[in-house]
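Step one of this worksheet: look at the structure below.
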Amino acid sequence: MRLVSFLVPADGAAATGEGRLGALAENAVVDLAQGGSGLPATMAELLALGPAGLALARSVLEAGGRGRRHALSTVRLLAPVPRPGKILGVGRNYGAHAAEGGLAAQEKPRVFVKLSSAVIGTGTPIRKPRAVSKLDYETELAVVIGSEGRDIAEADALAHVAGYTILNDVSARELQFDVSPPQTSFAKSMDGFCPMGPCLATADEFADVADVPLRGFLNGEEVQHATTKELIFPVPVLIAYLSRYLTLLPGDVIATGTPAGVGAFRKPPRYLAPGDVVRMEVPGIGTLENAII
């Protein structure tokens, strides 16, 4: 399944919140909470039900979708999880990315956080703060937790995953690299600095999450291309490591790291400016695209 959070025109242009729970079906969005489906109204509520909630959503879709269908062109897609409880990022998790910055690979995951207030969906512009001059992109596969866990064994880790989405780890590099001490979480948590989407593709959509290709484009030019088999710390390792120290809850997001090709390490550096368009693609999930304003 490819699950979404969305708004329709009747919700109002200024509507906020978590949106409606839906699923992509060809060029339409099925409103899963409509038509007496028994499903909750939002993604957060669905994920809180754990595997049973996903199973119910699957049965509704397999029955033809008892909810109302909306043409995809008529809805506004939000981030699939509009307000995650936690967004945990992992730095330098691709060897080539560490190398392009002149850094050695980490011996343990390097963890930072992004605030949930930074989350936006595909199609929503990223507003460049006037005080930021080194705005950068990072194409990432993000893990969405589906069931609560603490001290999770690597062998059991993928059973705690609801699915995957694309995440752009937008960063103000001057606050990440040019100040002492580095202000990494602040540099990555400004308004609009966490685009996610277009959907949450459930774990069963992937034959092998250890070999998922990622591609990033800037104004139509490919700038990043890798596969998750290049991760230093694969998804099960990250889940096990993080859960040693904190409880992972349904709807939490883990950004697994970005490949080489970010703007900061290009020669010369290539930072984002108003008018640029960043597009990221992962097969099975789709396309995350945001313009800079």
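Every read-out reported here was derived from the displayed coordinates using simple, explicitly stated rules and does not represent laboratory data. Quick caveat, the model's predicted, so the values are computed rather than measured. So basically every Cβ, Gly included, is an ideal-geometry build from the backbone, and we count neighbours across all protein chains shown.
When restricted to Cα atoms, region 173-244 yields an Rg and a Dmax of 15.8, 43 Å, respectively. Ranked from largest, the principal axis spans of the Cα set of region 137-293 equal 43, 36, 26 Å. Around the amide H of Arg127, modelled in the peptide plane, lie the amide H atoms of Ile293, all under 5 Å away and 5 or more residues distant in sequence or on another chain.
Note on the chain: GNM, Cα springs under 10 Å; of Gly123, Gly197, Gly102, the largest mean-square fluctuation is that of Gly102. Overall, the chain carries a charge dipole of about 660 debye about its Cα centre when +1 sits on the Cβ of Lys and Arg and -1 on the Cβ of Asp and Glu, all other atoms neutral.
Here the chain has an Rg and Dmax of 18.3, 57 Å, counting Cα atoms alone.
One decimal place: the segment Glu154-Ala71 gains 25.8 nm when fully extended, by the rule 0.36 nm per residue minus the C-alpha distance. Between Gly89 and Phe112, Val113, Lys114, Ala255, the built amide H atoms are under 5 Å apart, and every one of these is 5 or more places off in sequence or on another chain.
With respect to the chain, whose longest principal axis is taken over its alpha-carbon atoms, helix 51-62 is tilted by about 60°.
Neighbours of Thr202 by Cβ distance under 12 Å: Lys/Arg scored +1, Asp/Glu scored -1, total 0. Only aspartates and glutamates eight or more places from Lys134 in sequence, or on another chain, were considered; those with a Cα closer than 12 Å are Glu174, Asp178. One compactness figure for region 227-278 is 1.59, namely its Cα radius of gyration divided by 2.2 N^0.38 Å. Using the alpha-carbon positions of region 2-77, Rg (one decimal) and Dmax (whole number) come out as 11.6, 34 Å. Counting only Cα atoms, region 58-121 measures 53, 27, 23 Å along its principal axes, largest extent leading.
Taking 26 Å as the straight-line reach from the Cα of Lys128, the lysines in range (excluding those fewer than 8 positions away in the same chain) are Lys86, Lys114, Lys188, Lys267.
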